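These notes concern the structure reproduced below.
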Amino acid sequence: MISLGENQYGKSRVRVIKVERYGDRHEVFEWNVEVWLKGDFTQCFEDGDNSRILPTDTMKNTVYSIAHASKTATIEEFATELVTHFITTQPQVDEAGASIRATLWKRIDAGGIEHSTAFVQAGPASETVTVTYPRGGTVSITSGFSGLAILKTAKSAFAGYLEDRLTTLKETNDRLFGTLATAEWTYAALGLDYASLRKDITDALLNVFAEHESLSVQHTLYAMGNAALEAVPAITEIRLQMPNKHCNLVDLSAFGQDNPNHIFVPTDEPHGSIEACLRRED
């Protein structure tokens, strides 16, 4: 006998740019939104009965409509508005979810003054959030960032590891440490100052990355996560992914030149993949 397992459906890559106009000064928000619904949709899958299905095109339009009406300034609050709308208006739905990736824009510095209506993209990193709302349950908010390029040129070593006949990596007490970091943290409550807490968490992570006497990526990842949990009691856990962005020393001996940690080749393929979740103990 064959039965339908867990399933969901929704709309992905709903692109939104919202401009808030405060007289001559504007604010720009760019969001890439995904929304999904879970429930008993067996009749649709097995029999083609769509009577319990809200079209994904309607879900897309809902994103635009709520974005227009929303007065929120954070992706956490906007995603919460979306899932609350779907749970409230769709009684056949057991759980609603929304995930948002925000592209960051900052004001152009024009002659030493922040321009009021012109912006430049603030790097490749994105702010992220995932919000879920099960019927009869509570909203869960997991925020974070992805693609944050960070690099340190000191206080980084890697030695004392296992070696076998296939090991060619040389131990080092002075290497470049680069990564494209991804972080996700879960809030313990709702209605928080998400923008301020995001800054506090990010500052804690970056400060430790900069100052930590790193013996490995794992060593620094743990120190960063621990610092974020200590700095912000409002989060219950944090997950970090820190793939190596290797910087390989170039051999210049063929040209009669030495290379005392001066010239490197950056590469991220293949790369080490290190991740861990740190949780607050009760």
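A compact table of results
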| read-out | value |
| --- | --- |
| Rounded Å value of the spacing that divides the Cα centres of the stretch 107-145 and the stretch 25-39 | 10 Å |
| Summed side-chain charge close to ALA73 - residues other than ALA73 whose Cβ falls under 13 Å, Lys, Arg +1, Asp, Glu -1 | -4 |
| Sorted largest first, extent of the stretch 121-192 alpha carbons per principal axis (Å) | 57, 34, 19 |
| Under 25 Å from the Cα of LYS71 - lysines, other chains or at least 8 residues apart | LYS11, LYS18, LYS60, LYS106, LYS199 |
| Dipole magnitude of the chain about its Cα centre (Cβ charges: Lys, Arg +1; Asp, Glu -1), debye to nearest 20 | 580 debye |
| With eigenvalues of the C-alpha gyration tensor scaled by 5 and rooted, the stretch 230-282, Å | 40, 12, 7 |
| At most 14 other Cβ within 10 Å, DSSP loop - GluC sites (Glu not before Pro), the stretch 155-260 | GLU163, GLU171, GLU213 |
| Environment charge of TRP185, counting only residues whose C-beta is closer than 15 Å and scoring Lys/Arg +1, Asp/Glu -1 | -4 |
| The stretch 46-113, Cα convex hull volume normalised per residue, Å³ | 127 Å³ |
| For the stretch 90-230, projected area of the alpha-carbon convex hull averaged over all directions, nm² | 14.3 nm² |
| All Cα pairs of the stretch 183-252, percent lying beyond 18 Å | 43 percent |
| Whole-percent carbon and sulfur share, accessible surface of the chain, 1.4 Å | 51 percent |
| Cα point-scatterer Debye curve for the stretch 77-132, base-10 log of I(q)/I(0) at q = 0.19, 0.28 Å⁻¹ | -0.72, -1.01 |
| Cα-based Rg and Dmax for the chain, where Dmax is the largest Cα-Cα distance (Å) | 23.3, 76 |
| Rounded accessible area per residue of the chain, 1.4 Å, Å² | 58 Å² |
| Charge sum, other residues only, whose C-beta stays under 12 Å from LEU176's C-beta, Lys/Arg counted +1 and Asp/Glu -1 | +3 |
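The values are calculated or read from the model by the stated rules, or taken from the named source; none is laboratory data. Predicted, not measured: the structure shown is a model, and the values here were computed from it. Positions of Cβ are backbone-derived with ideal geometry, glycine not excepted, and every protein chain shown enters the neighbour counts. Surface areas here come from the heavy atoms of the whole protein model, side chains and all, with no ligands, DNA or RNA. Shrake-Rupley method; radii C 1.70, N 1.55, O 1.52, S 1.80 Å.
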